[in-house]
């Protein structure tokens, strides 16, 4: 069985193993023992609540309980941009209109901004190739929403997730080639690496500060604004199902979209519910398993947060969980768990 | 009984009577026969669908069926800013940080923008003083959401509502005195009137174009950014209940907030439902009236849209409506109506 | 011999003929009979006005051949560029980009819509017939305006500028306009020039043109290449004005990217290198003493006239000796004051 | 008689004494022994360098009394302002606001953080002992730097500027800083000057200072009033440099709002009005011929020296007659070239 759980100090080797599978393009998860060790320490302090909420970095691992191997990782940063400025381009609209000439021109504009400063961020999602398939990706990605729904007071009002931007077949970024290269005079990967190393003062030094009309960019660069890397499209859909939207913020280098939501409006906040573990589950599950929809189920403890997918009946505030499920969650009959349907219900009105 | 309904050509006199009660501060509803007549014509064409959706201006009146008098008015503009630029200030964040000096300064910034161009707008809400009280204000304001839920395809993805900004006891606007006056060199009311008359090219000519740090403004001006006029606070709360939020856009003159929402995320879209009018309502209503919560109920026809508040049982897709209610809605037993609880349900998770 | 003098109503037919010879490269020159008449009337009124503060005055000069009274050139100077509006130009800013951590140092050019030329004095409408073969008379015409300004400084600002037409291709398309103006105006270059009537001080410019700086590296190559490039018909005035002390790099035209030359008057030779001298009668033949070419202008505001002469160096003398023909051309007598500058 | 000459290592004690007499009003002057030593070494190396393109050179001059060899003043000039960074200033832009519909026309000032002075040559560190009573020797010291630049133009840019300290109150608070810099730096004016060490070319400036124009009407009255106002100790250089041709309105200092004077070299008298002459022996007493005061500088880069003399007008002469004492001060002989300008 796969369990998503709060990371522990003993996970460092497993985490390094996962990171070594990541490859380029994910600047926050590099197989660097020192960096990952430091991050793990912060993560453990986060679940132990020994550091302030906006300094926290909750990391979760997906463990295969059969082998004890780590199958994936994901994280929630309490707040971004409070130590180093967090930059985005925001896409706005400017209208140029002359009644005399009957000209009405609507122009998109890029503003260099730190608007998302202080937001809670979903990040560092990686699922080992051996485990891709079924509901594993959903469980891993969506686990964070159930965690937020259980502990909303720990987070900022705004939740964001940066998506990797579009790349051409040769791995280049048309947006970077059309804009950033003129100002940074270095390769995309080099510039991107520098930001992940925290060397961000060069952005203030080199980046054009003034709002820019999108129409100035070459068509190839214009077209990819807000578009994700082809490999990232499924991850984007999962987040959108949970109520996250592209609201016009993009990465300054590759123009990848930032998805965002008010935490209070997340599907997990609106639809997740507490349920008491039922005393006699077995008979029920066997008869009606097919009729049940898959549920995300988590325990309610911060320090040893655990979560699984279960396809069991849940009605009237009661849930039927097998002994194995209860063990995976570290829960017992009669205790409360939080549940959320894995897939969103269709909205009949739209 | 009070019915909110699509406006008709014959309502001009009643509308002028209402407008004469409005007083200053509401630039879109002045007792000017020519202006209101022209607007009424557009409204009638809107309900008749003889003009394009983004040119439409759906006006609703609240009629006292006992006297035939008009008790209130409200409207939905299909799209703003497509003929004349629609200006706002957007509040953004810029971080100025120097690691060398250990200085980290987070500054709010005002950007002159036309970002809301093309949005659907709620506007022109006015309730006659004789009718203020009970659920009348709610019925009038919220009627528009039920209309949108019934006809979502007629509107833009984004819904906005401009709220009147804060004024001092003497009627002056601290924000205008701190900012606009330096550039417009005229009184607030004069500038505000000019914009309502559509003479907006002066904004392009006179308004400062560059982003501005809020910290440059006098403290009195900074404090009122996004604050509503004291008389507007109840209207703001009603809109917020329906899922509209202040997202950082304010009026360029008085810094009154713009509330906004994705139409797909409105409470009315998520929670309103169709119900069939029940054949034998009487017995039910008498016994359980106290237990029922008040409902907004509307018919489903665009051209003669009508809406009331009813405190009747509604369950399992059936609603019990009295003959009087049915007459007010222009509906009959067996036909479908759209319903939405007048007050939002509490979200147990937040 | 040529003389430069203020335009007169009798010059209308001559100016019409000149306008027919000029192409689109001189967009500030009046071309229709109405426009010419109006410009002449305005010039006569300007010369006649008592001026304390420079305002809407515009002074037009013609280049007249003394031999046959033919008008071979025209040149104007306006007291202020934006007297009935705001004069817009792109300022060519240089942004230094330095990152010590990354050891990067380069500069980026950015074009900013600015209105600071509004109060400056503007030179315009320079055109000489057969400009490809023009001789010293072209220098005379171009500089005479500035000699007038040097004589009547209260009629002008402290700074002067000259917009010169930029380059267009064989289809009258401007690569600079294609990259910039078209995106906002949504029309062809020539159509846009028509709607603004060659002016750069119209309300619709601030309504339509970009409010934020244009980073030059983002422009297509042909638009970048067109920045500051002059239309072939502008090459002559560009050369003459550069010799005078004008500098080309600070501003360019918002429509076609043509150069806008500008200078503080203290940097112009007509102001700093001109010498006030008195007229003396020319000796007969003064043999083979070395001669220099001077522009000589009557030192008076109300019957301003200017010619070129060859003369012995006057740097170390209080006088300049003029032949009777020169005195007639200037309508002066021995003993009168003249302003001279070597050309 | 005073002579201006390049600083030498032996001047260290004299410069320490001078620095002690100067207050905060000359923030560009080296004040500690280390700073003074370093500045002198840098100056000597700069004078000794062969320069093709102006770069990090900085030339320091002292004002020496010929009678007692006392050093009574110091003045510097740097080849480029931003040789090790970007030199930041506020450009004082004027935005014309015109609405024809509303019949409104006014101009709004806006301060824009700019780096365009980076490549210009900078005058700095001007200080004269007892400046309240300073006579013509102050003019000599101030202008000698520019005469050197006129003699060695390849060592300098085409444009020059001089930042002058702005005003502070009795508590060393700057009203301009309170309204602007403090909001970004979150510290006192003097603390900020300490962290940047008086420089305007540090990375932290671009990190912290505002990226968008500051609309002047939004500043508090006392900050607006401080814009372009000079510290009392700056009044003397302000007057001298204004006479020279510098203009004060285009830039102000980013910290205290003090004036930054600037000019193109073609607008400076040392460049345009200086005359190259040859030294002739002074006649004995030349009676009551009218005399003018001239600054006379040895026309050579490597032992540059300058003095002031009274002389008959030299405008119409190829020579200037100098007394033996003057020749000794300049370390020149009859027949040598000098650059002269009336002061």
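Bear in mind that the values in this text are calculations on the coordinates, not laboratory data. Predicted model only: the values in this text are computed from it and were never measured. Cβ: placed from backbone, ideal geometry, glycine included. Neighbour counts: every protein chain shown.
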Checklist entry - At a Förster radius of 56 Å, what calculated FRET efficiency corresponds to the Cβ-Cβ distance of residue A:82 and residue B:65, to the nearest 0.05? => result 0.45
Item to check | Copy-to-copy label separations for residue C:187, where each label sits 7 Å from Cα toward Cβ, in nm and ascending | outcome: 5.6
Item to check | Nearest-0.05 FRET efficiency for residue C:276 and residue D:8, computed from C-beta distance (R0 56 Å) | outcome: 0.80
Next on the checklist: 7 Å along Cα→Cβ for the label point: how many nanometres lie between residue D:281 and each equivalent label in the other copies, listed shortest first?
Outcome noted: 4.4
Item to check | Length-normalised contact order of chain D in % [C-alpha pairs under 8 Å, at least 6 apart] | outcome: 18
Checklist entry - Which whole number gives the average count of other chain Cβ atoms within 10 Å of the Cβ atoms across peptide B:102-108? => result 5
Checklist entry - How many angstrom lie between the C-alpha centres of region B:1-56 and region A:42-104? => result 46
Checklist entry - So, in Å, what gap is there between the alpha-carbon centers of region C:1-65 and region D:1-70? => result 57
Next on the checklist: Quick check: the angle from helix C:12-21's long axis to the longest principal axis of chain C, C-alpha only, nearest 10 degrees?
Outcome noted: 50
Checklist entry - Using a basic spin-label model with each label point 7 Å from the Cα along Cα→Cβ, how many nm lie between residue C:312 and residue D:69? => result 5.2
Checklist entry - Most exposed first by the Cβ proxy, i.e. fewest other Cβ within 10 Å, how do C:196, B:337 rank? => result C:196, B:337
Checklist entry - Nearest 0.05, what FRET efficiency do residue B:311 and residue B:30 give at R0 = 51 Å with Cβ-Cβ as r? => result 0.90
Checklist outcome for this item: The exposure ranking of B:60, C:189, fewest beta-carbon neighbours within 10 Å first, is C:189, B:60
Next on the checklist: Test of understanding: in a Gaussian network model of chain D with alpha carbons linked when under 10 Å, which of D:98, D:162, D:51 would top the mean-square fluctuation ranking?
Outcome noted: D:98
Next on the checklist: Can you tell me which of B:261, B:52, B:328 moves the most in a GNM of chain B? Springs connect C-alpha atoms under 10 Å apart.
Outcome noted: B:52
Item to check | Calculated SAXS-style log₁₀ I(q)/I(0) at q = 0.09, 0.11, 0.15, 0.16 Å⁻¹ - chain C, Debye, Cα scatterers | outcome: -0.51, -0.74, -1.24, -1.38
Checklist entry - Expressed as an acute angle from 0 to 90° and rounded to the nearest 10, what is the orientation of the C-alpha long axis of helix C:235-244 relative to the principal long axis of chain C? => result 70
Next on the checklist: Could you identify which residue out of C:179, C:21, C:326 has the top mean-square fluctuation in a GNM of chain C using Cα springs shorter than 10 Å?
Outcome noted: C:21
Checklist entry - Angle between the Cα long axis of helix A:136-150 and the longest principal axis of chain A, 0 to 90 degrees, nearest 10? => result 90
Next on the checklist: 7 Å along Cα→Cβ for the label point: how many nanometres lie between residue B:231 and each equivalent label in the other copies, listed shortest first?
Outcome noted: 6.1
Checklist entry - Among C:86, B:232, A:300, what is the fewest-to-most ranking by other Cβ atoms within 10 Å? => result A:300, B:232, C:86
Next on the checklist: Can you give me the Rg/Rh ratio for the protein assembly as shown, using Cα atoms for both radii and the Kirkwood formula for Rh?
Outcome noted: 1.05
Checklist entry - Per-residue mean of other chain beta-carbon atoms within 10 angstrom of the beta-carbon, peptide B:148-157? => result 1
Checklist outcome for this item: Helix-only [θ] at 222 nm, the protein assembly as shown, -39500 (n - 2.57) per DSSP H run of 4+, per residue, nearest 500, equals -7000 deg cm²/dmol
Item to check | Residues listed by number, region A:11-46, amide nitrogen under 18 Å from residue A:304 label point at 7 Å toward C-beta | outcome: A:11, A:44-46
